[in-house]
Amino acid sequence: MKRLYNTPEQKQEIKEALDTGSMILLLRAFFFPKLARAFLIRLTVVIVTAWIFFKFICIPLVIRGGSMLPTYPEHGFVFCWRPAYWFSAPKRGDIVVMKYGKGVMILKRIVALEGDRIAFANGVLMLNGKPVREPYIKGPSKWNLPERTVQKDHFYLVGDNRAIPMETHIFGEMHKRYLAGVPLW
């Protein structure tokens with residue numbers, strides 16, 4: 001089996017650089033050694049595999065905004081795990097990542113599924129006419145929203161930070177085709 005590094009050619013290159021006393025040749029030999037072809041092929045496979053994984057399976061996301069406080073910080077980093085709903089459907093209470101325009105994704109909680117009736121009365125979430133206990137909500141809420149029925153193939157999404165005014169909060173129905181996955185933590 002061929003060695004991927006520390007080959008006789010690399011040793012000779014370093015020896016020549018040391019013999020000439022040239023710092024530039026020594027740095028070039030150290031940082032940019034002549035690599036074996038097998039190493040370059042394996043490196044290419046690793047790069048392509050990592051690109052596919054982080055582009056289509058586990059997407060890195062930056063959190064900007066406080067709509068999910070205190071569950072998620074106002075500024076942070078999280079991965080979106082795409083396979084989460086490949087073989088199962090989302091449930092009420094799940095935190096999901098949804099596509100929201102070109103290159104933008106939002107992090108929200110599913111509070112209602114298709115066919116559910118939803119409303120907010122003095123900050124209390126009403127689901128099918130009954131109040132919902134939401135222990136993840138911290139702080140006062142004054143949200144009021146008349147009852148509406150979630151359309152077929154849609155989810156009703158809301159952030160956990162209901163202390164901010166409704167007018168500044170992105171929430172509402174989204175079609176299930178925009179579901180990207182779930183945050184890994």
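Taken together, the values in this text are just the output of simple stated rules run on the coordinates, not laboratory data. Treat the numbers as computed from the prediction; the structure is a model and nothing was measured. Cβ placement follows ideal geometry from the backbone for every residue including glycine, while neighbour counts extend to all protein chains displayed.
At a glance:
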read-out: Most positive-pole-ward Cα, Leu179, Asn144, Pro8, against dipole of the chain from beta carbon charges; value: Pro8
read-out: Distance histogram for the stretch 54-99 (every C-alpha pair counted, 5 angstrom bins, percent rounded to whole numbers); value: 5, 18, 26, 24, 18, 8, 0
read-out: Amide H contacts of Lys138 (H built 1.01 Å from N, under 5 Å, at least 5 apart or other chain); value: Arg162
read-out: Dipole magnitude of the stretch 1-104 about its Cα centre (Cβ charges: Lys, Arg +1; Asp, Glu -1), debye to nearest 20; value: 400
read-out: Given charges at beta-carbon only (K, R positive; D, E negative), |dipole| of the stretch 58-183 in Debye; value: 140
read-out: Global form of the stretch 67-169, assessed from the alpha-carbon gyration tensor, a/c cut-off 1.5; value: oblate
read-out: Unsatisfied cross-links (Cα-Cα over 27 Å) in the set Lys108/Lys138; Lys102/Lys130; Lys130/Lys152; value: Lys102/Lys130
read-out: Span-like helix ranges in the chain, DSSP H, alpha carbon extent 20 angstrom or more, Kyte mean at least 1.6; value: 37-52
read-out: Protection-proxy order for peptides 76-82, 54-60, each taking the mean of Cβ atoms within 10 Å per residue, highest first; value: 76-82, 54-60
read-out: Largest-first principal axis extents, alpha carbons of the chain, Å; value: 84, 33, 27
read-out: Three principal axis lengths of the stretch 8-55 [C-alpha, angstrom, descending]; value: 46, 19, 7
read-out: Peptides 17-27, 117-127 ordered by average Cβ neighbours within 10 Å, highest first; value: 117-127, 17-27
read-out: 222 nm mean residue ellipticity, helices alone, for the chain (DSSP H n ≥ 4; -39,500 (n - 2.57); rounded to 500); value: -6500 deg cm²/dmol
read-out: Neighbour net charge for Gly115 - beta-carbon separation under 11 angstrom, K R +1, D E -1; value: -1
read-out: Given charges at beta-carbon only (K, R positive; D, E negative), |dipole| of the stretch 8-55 in Debye; value: 260
